[in-house]
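Here's the structure we're looking at; comments come further down.
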Amino acid sequence: MCDLLADLFSLEVDFAPDREKQARGLRLLVEDRSGRSHLAVAVREGIVVGMCSVQTFLSTAEGGPAGVIEDLVVSRKFRGRSTGTRLLEDGITWCRAQGITRLQLLADKGNGQALRFYARRGLSGTSLICLRKHLSIPGS
């Protein structure tokens, strides 16, 4: 899955592949038993060729839980075969089962292929923008 994330992050201006960080994040996601996250994978011939991770947070706008797709990526070799659609649908199904009424994600504005993919599947843009600040943690 680290290779998939490296492929994804190579397309995104704001992120850089870092195998150690991605492995740590994936390990935390796989080991999470809180019920606030979901990881779906597509496997072909014993190899993970796609993944979709969803995490929840509490939304005052929704008055309850909302979800965010952290990563949705399919190996280049397996794109165009509905793998991404099935992974996205799996994430949506999980969200509905959790009572989540809004699902959102960040996409690189320069990734036209991804933006078209999401638009064809009912995701739409908003007037909001994403702002971020990297935080240092003492002792790390």
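The values are calculated or read from the model by the stated rules, or taken from the named source; none is laboratory data. As the structure is a computational prediction, the values presented were derived from the model and not from experiment. Cβ sites come from the backbone with ideal geometry, for glycine too, and all protein chains shown count toward neighbours.
Tabulated data for the structure shown
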item	result
Evaluation of residue 112 against (1) of a type outside the set (Phe, Trp, Tyr); (2) within 16 Å of the chain's Cα centre (by Cα); (3) within 24 Å of residue 76 (Cα to Cα) (one fails), failing number	(2)
Qualifying residues in the stretch 41-66 (those that are of a type in the set (A, V, I, L, M, F, W, C) and within 15 Å of residue 4 (Cβ to Cβ)) - the one surrounded by the most Cβ atoms within 10 Å (Cβ to Cβ)	52
Hits in the stretch 92-104 (condition: crowded, with 17+ Cβ neighbours inside 10 Å and of a type in the set (A, V, I, L, M))	92, 100, 103
Residue pairs meeting the criteria (Cβ under 8 Å; at least 6 apart or on separate chains; first touching a residue at least 24 places away in the same chain (Cβ under 8 Å) and over 13 Å from residue 107 (Cα atoms), in the stretch 1-16; second assigned to a helix (DSSP H, G or I) and not aliphatic (A, V, I, L, M))	1/22; 2/19; 2/22; 5/22; 7/76
Residues that are in a helix (DSSP H, G or I) and modelled with pLDDT of 80 or more, drawn from the stretch 1-22	3, 4, 19, 20, 21, 22
Extreme residue, nearest to residue 76 (Cα to Cα), among residues of the stretch 28-40 that are loosely packed, with under 15 Cβ neighbours inside 10 Å and under 15 Å from the mean Cα position of the chain (by Cα)	30
